[in-house]
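The values are calculated or read from the model by the stated rules, or taken from the named source; none is laboratory data. Bear in mind the structure is a predicted one, so any value in this text is a computation, not a measurement. Neighbour counts run over all protein chains shown; Cβ positions are idealised from the backbone, glycine included.
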């Protein structure tokens, strides 16, 4: 294995971790406020479609990103109406959103573009431009630092950097601000928030909407940054992987970053090494590609320590005295 | 109506709270009927009444949890609208609920500032609160470690956090709903010292309780509620527990049950070195040894959560344990086959669980169906290997309901349709009418009104005098003292000591309950 290969794998780890990170933080904020968000997958998918469709139609990727956010927040609010206002079952509502998005995106794509449920390939202004960090070229040949800075860190789309900046931002929001204190409180004991004279419903809608924005960014990056256009079911379970990462991280932002980097790394390895030999036995490519999903199952089955969710997650708040 | 000559800013009213004609209905149930009450500023005002008398509803209206259908609220002489809790807080009202409204994994400071933060960022709010807490701790004996997490604090300290929350919001009126239910006697004394201190600072305190002794000890005035109505308000000095109990129930009540001396017989239950480790690895019982004889009541006193529940569960066959136990001299298995609830019932161990809603009854079942639970194998209840004899069960239920004065005496009524006291009578009738060798009874009168308490106590004494052994677990010391022939005090999974009820007092038991010998 040579260094160039390592740099390539780590470089694509960052890119593959980006949609997971957005989605994971979305789920984290929503669940910290006491609302299950199993519809991450659906919101990402709808956002991916909207981003690609609008970017193709206008030739402007940023209009695509904006529409993706609008679509995703819209779906989040739908979830909010079902789960917060009408106190419905939050899991069922999330599952419904996933089905709705999987079906609607394909139907609309077929109706608009007639290309078998996909959008046309994006090019030029419809794709997310890559940014070179300052001095990336100048530092390229410096040993050690060069490959890390110029090879791995530089040359990604803006959303990659935004995703990783969202980690300290989320941490600050949750643990250093008034809004964060209230948000965590409403996920632990909504009665305490209610008796303190703060609106439980308002806080939960706020959290769900923030989750919507983040899912919108995740989806937009998927279809305009990571690939060049929307295809059916392109999220490929990333919403659920993000949920697994969130549980693995025990609902903490910095740990979430670590968890999604692990998943991103596995995916990057699987992409890079199509077949691998262990002890003389050749593993088929499918085995490699299944790795992130196998890890997801292992984590969700609870093999990774005891993860204690926010106490009130999943339970609609009913006022009692 | 008083005239409004006084300018609104002078606030010269002698009354911190005045309610006029408050009514509130939930569907067909009239929880509050035309209630008027005046609470003098700078006093402790008690409100007593049975469960369901409407005390909590009234206070929830005052705290903005519910809106009254009719009536006026005057705070310091001024008509005040309280549509939500925020308005109540602004009007200077603080509330300490029976079930604390704290975020368990937050620190004390975070809980105190929640909803009353000084700005968008937490740091300034936290340091401001830290300073204020220090002052309050000095002034009112309200010591709590500001950085401790709530779940690590004792119940008494958690309650102080609730009081601190109200004071941090500059409450002038403090409402406490059943504040001593979860406290040891010494913690309760401490609470009352705090309340008296607050009163001296000019705060007004409303104390909701069903414990008449506390009313007599600490209040200046007392109001009595019955079935949604305010039946009387008296200066505490001019009333007595007997009068208050009568006002609450609407008839004469015996506060102390008539109890002839016990004539204990042979040992029925003998337990040695009982140990239980729960699923979290915490040792809940650390070597319990005790015995109960026929014809006597052994009372287990203690603050809730010190292993009493586990002890009952082990003896009733609901939880496995290590150690030895004998029933009538024969070995009683504590684990494995033969240690289940069914075997216990067959051997004459009857159990009245602490939580009648979760364990004592199936609330959606009718009374007669509940009467068969646990005794469904009784041949008299079956007309063949597959068919139950419903008619026989219903007939039996009617007789038992009659005997235990369950109202309404309708076997076809769902359990949830009965009042708390009558639900408890159903459970007691099921377990006691079979004259068990030993009756295990947990919190027999929790959430039961005074009239029914009197009846239940009489029935327990009657069963004792018929020769049954009774193991009574209760967090109500008065109940333990009134019924027991011997008292064992539990603390942290151990028995701290055994006392004779006529040779001990609340202070001594209170120390044992706090783990001091």
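Since residue B:118 meets every condition but one in (1) surrounded by fewer than 22 Cβ atoms within 10 Å (Cβ to Cβ); (2) outside any loop (DSSP other than H, G, I, E, B); (3) within 14 Å of chain A (Cβ to nearest Cβ), which condition does it not meet?
All conditions pass for residue B:118, except number (2).
Just a yes or no: is a residue in the stretch A:3-18 under 13 Å from the mean Cα position of the chain (by Cα), closer than 30 Å to residue A:81 by Cβ and in a helix (DSSP H, G or I)?
Scanning the stretch A:3-18 turns up at least one residue that is under 13 Å from the mean Cα position of the chain (by Cα), closer than 30 Å to residue A:81 by Cβ and in a helix (DSSP H, G or I).
Assuming residue B:407 fulfils every condition listed in (1) surrounded by 22 or more Cβ atoms within 10 Å (Cβ to Cβ); (2) farther than 22 Å from residue B:344 by Cβ apart from one, which condition is it?
Only one criterion is unmet by residue B:407, namely (1).
Does the stretch B:402-410 contain any residue that is within 28 Å of residue B:52 (Cα to Cα), part of a helix (DSSP H, G or I) and in the same structural domain as residue B:451 (by TED's automatic domain parsing)?
For the stretch B:402-410, residues within 28 Å of residue B:52 (Cα to Cα), part of a helix (DSSP H, G or I) and in the same structural domain as residue B:451 (by TED's automatic domain parsing): present.
Can we say residue B:140 is modelled with pLDDT under 90 and touching a strand residue (DSSP E or B) at 6+ places or on another chain (Cβ under 7 Å)?
For residue B:140, the condition - modelled with pLDDT under 90 and touching a strand residue (DSSP E or B) at 6+ places or on another chain (Cβ under 7 Å) - is not met.
Counting only residues that are without any contact (Cβ under 8 Å) to a residue 60 or more places away in the chain, give me the strands (runs of 3 or more DSSP E) lying completely in the stretch B:249-363 with at least 3 of them.
B:267-277, B:322-327
Filter the stretch B:72-107 down to the residues that are within 13 Å of chain A (Cβ to nearest Cβ) and not in a loop (DSSP other than H, G, I, E, B) and list them by number.
Those that are within 13 Å of chain A (Cβ to nearest Cβ) and not in a loop (DSSP other than H, G, I, E, B): B:85, B:86, B:87, B:88, B:89, B:90, B:93, B:94, B:95, B:96, B:107.
Scan the stretch A:53-111 residue by residue and report those that are in a loop (DSSP other than H, G, I, E, B) and more than 20 Å from residue A:209 (Cα to Cα).
A:59, A:60
Out of B:110, B:178, which single residue is within 14 Å of chain A (Cβ to nearest Cβ), closer than 25 Å to residue A:319 by Cβ and surrounded by fewer than 21 Cβ atoms within 10 Å (Cβ to Cβ)?
Result: B:178 is the single residue among B:110, B:178 that is within 14 Å of chain A (Cβ to nearest Cβ), closer than 25 Å to residue A:319 by Cβ and surrounded by fewer than 21 Cβ atoms within 10 Å (Cβ to Cβ).
Every residue, every condition in (1) crowded, with 24+ Cβ neighbours inside 10 Å; (2) in contact (Cβ under 8 Å) with a residue 60 or more places away in the chain; (3) away from chain B (no Cβ under 14 Å), yes or no:
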| site | (1), (2), (3) |
| --- | --- |
| A:196 | no, no, no |
| A:202 | no, no, no |
| A:207 | yes, yes, yes |
| A:212 | yes, yes, yes |
| A:217 | yes, yes, yes |
| A:220 | yes, yes, yes |
| A:227 | no, no, yes |
| A:231 | no, yes, yes |
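Run residue A:191 past the list (1) facing chain B (nearest Cβ under 9 Å); (2) modelled with pLDDT of 95 or more; (3) under 30 Å from residue B:91 (Cβ atoms) and report the number of the one that doesn't hold.
(2)
Determine which member of the set A:101, A:82, A:96 is closer than 14 Å to residue A:232 by Cβ and surrounded by 16 or more Cβ atoms within 10 Å (Cβ to Cβ).
After applying the criteria, what remains is A:101.
For the stretch B:197-222, enumerate the residues that are in a helix (DSSP H, G or I) and within 22 Å of residue B:511 (Cβ to Cβ). Steps first, answer last, please.
Within the stretch B:197-222, the first condition is being in a helix (DSSP H, G or I), and the residues that meet it are B:197-200, B:212-218.
B:213, B:214, B:217, B:218, listed by residue number.
With respect to the numbered conditions (1) under 26 Å from residue A:100 (Cα atoms); (2) surrounded by 17 or more Cβ atoms within 10 Å (Cβ to Cβ), which one is the sole condition not fulfilled by residue A:256?
(1)
So residue B:123 passes all but one of these: (1) more than 8 Å from chain A (Cβ to nearest Cβ); (2) not in a loop (DSSP other than H, G, I, E, B). Which condition number does it fail?
So the condition that residue B:123 fails would be (1).
Could you say which residue among B:391, B:380, B:367, B:350 is farther than 21 Å from residue B:460 by Cα, over 21 Å from the mean Cα position of the chain (by Cα) and buried (at least 23 other Cβ atoms within 10 Å of the Cβ)?
That would be B:367, the only listed residue that is farther than 21 Å from residue B:460 by Cα, over 21 Å from the mean Cα position of the chain (by Cα) and buried (at least 23 other Cβ atoms within 10 Å of the Cβ).
Being closer than 20 Å to residue B:234 by Cα and either assigned to a loop (DSSP other than H, G, I, E, B) or facing chain A (nearest Cβ under 10 Å) (or both) is the filter here; which residues of the stretch B:39-55 pass it?
The answer is B:41, B:42, B:43, B:50, B:53, B:54.
Can you name every residue in the stretch B:62-71 that is farther than 17 Å from residue B:178 by Cβ and either within 12 Å of chain A (Cβ to nearest Cβ) or assigned to a loop (DSSP other than H, G, I, E, B) (or both)?
Those that are farther than 17 Å from residue B:178 by Cβ and either within 12 Å of chain A (Cβ to nearest Cβ) or assigned to a loop (DSSP other than H, G, I, E, B) (or both): B:64, B:66, B:67, B:68, B:69.
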